[in-house]
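Following: one structure in structure tokens, then a few remarks.
We did not get these values from a lab; they are worked out from the coordinates using the rules stated. Everything numeric in this text was worked out from a predicted model, so none of it was measured. Ideal geometry is used to build each Cβ from the backbone, glycine not excepted, and the neighbour counts take in all protein chains shown.
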Amino acid sequence: FKQKTAYEIYQCDWSSDVCSSDLIYGRPVDTTPTSYIDKGLIVSVHESIYAVGDGLGICRFVTHSFNSPHLLKYGHFSNLVKLSTGAEIDDFKAIGDRIVNLERLFNLKLGISRMDDYPPLRYMNEPATAGVSKGHRIEKDKYELMLDEYYSVRGWDRLGVPSEAQKQEIEKLAEAVN
């Protein structure tokens, strides 16, 4: 038995902070904690796979996006469902996206809007006092761009409202259930 290094396990070189993020996100992304670049994509990828894992009752610590490209992926979810129920479901990524869209529509119906997608003002006014973000604060203009990117990746408009096609897809599913 040969013990593997962190690089061999996660395909990451921790000393140079180079990670094969394309294994998780489909392309290289900026993983610098204080960067605003690519965070919209990163958040959407995690939300979708966590939505599926939550729906299946699987701990997110063992899902693909948590911290390693070598943990459970959508294909594993398909195999688990087939083995446990006999059902063949291959589109878990789309299912995760629909769950997030449905959650957003529900929240919009309750009056939640883009303004509710901001952190508390304290994070914008006061720099962090510890950790990798020490000395940094959230810059509102950059956060706005990051939020725009996130909404765009999701296929939502600038106010965070899912598209008509996304709404119709969810309505069609609701009709099928009734």
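Just report the Cα centroid separation between the stretch 117-163 and the stretch 82-113, whole Å.
24 Å
If packing is taken as the average count of other Cβ atoms within 10 Å, what order do 119-125, 36-42, 163-169 fall into, highest mean first?
My ranking of the peptides, most packed first, is 36-42, 163-169, 119-125.
Determine which lysines satisfy two conditions relative to Lys82: a Cα distance under 17 Å, and not lying fewer than 8 residues away in the same chain.
Lys82 reaches Lys73, Lys93.
List residues of the stretch 153-173, by number, whose backbone nitrogen lies under 15 Å from a label position 7 Å along Cα→C-beta of Lys109.
Taking a point 7 Å out along Cα→Cβ of Lys109, the residues of the stretch 153-173 whose backbone N falls under 15 Å are 162, 167-173.
So, in nm, how far is label Lys142 from label Val81 when the simple model puts each one 7 Å beyond its Cα toward the Cβ?
3.9 nm
According to the square roots a ≥ b ≥ c of the eigenvalues of the Cα gyration tensor, what is the shape class of the stretch 34-178, taking rounded for a/c under 1.5, prolate for a/b larger than b/c otherwise, and oblate for the remainder?
oblate
Contour minus end-to-end for Phe61 and Asn125, with contour as 0.36 nm per residue of separation and end-to-end as the Cα-Cα distance?
19.8 nm
Just subtract the alpha-carbon distance of Asp157 and Ile170 from 0.36 nm times their residue separation and send over the number in nm, one decimal.
Contour length minus the Cα-Cα distance gives 3.0 nm.
To the nearest 20 debye, what charge dipole does the stretch 85-131 have about its Cα centre, counting +1 at the Cβ of each Lys and Arg and -1 at the Cβ of each Asp and Glu?
260 debye
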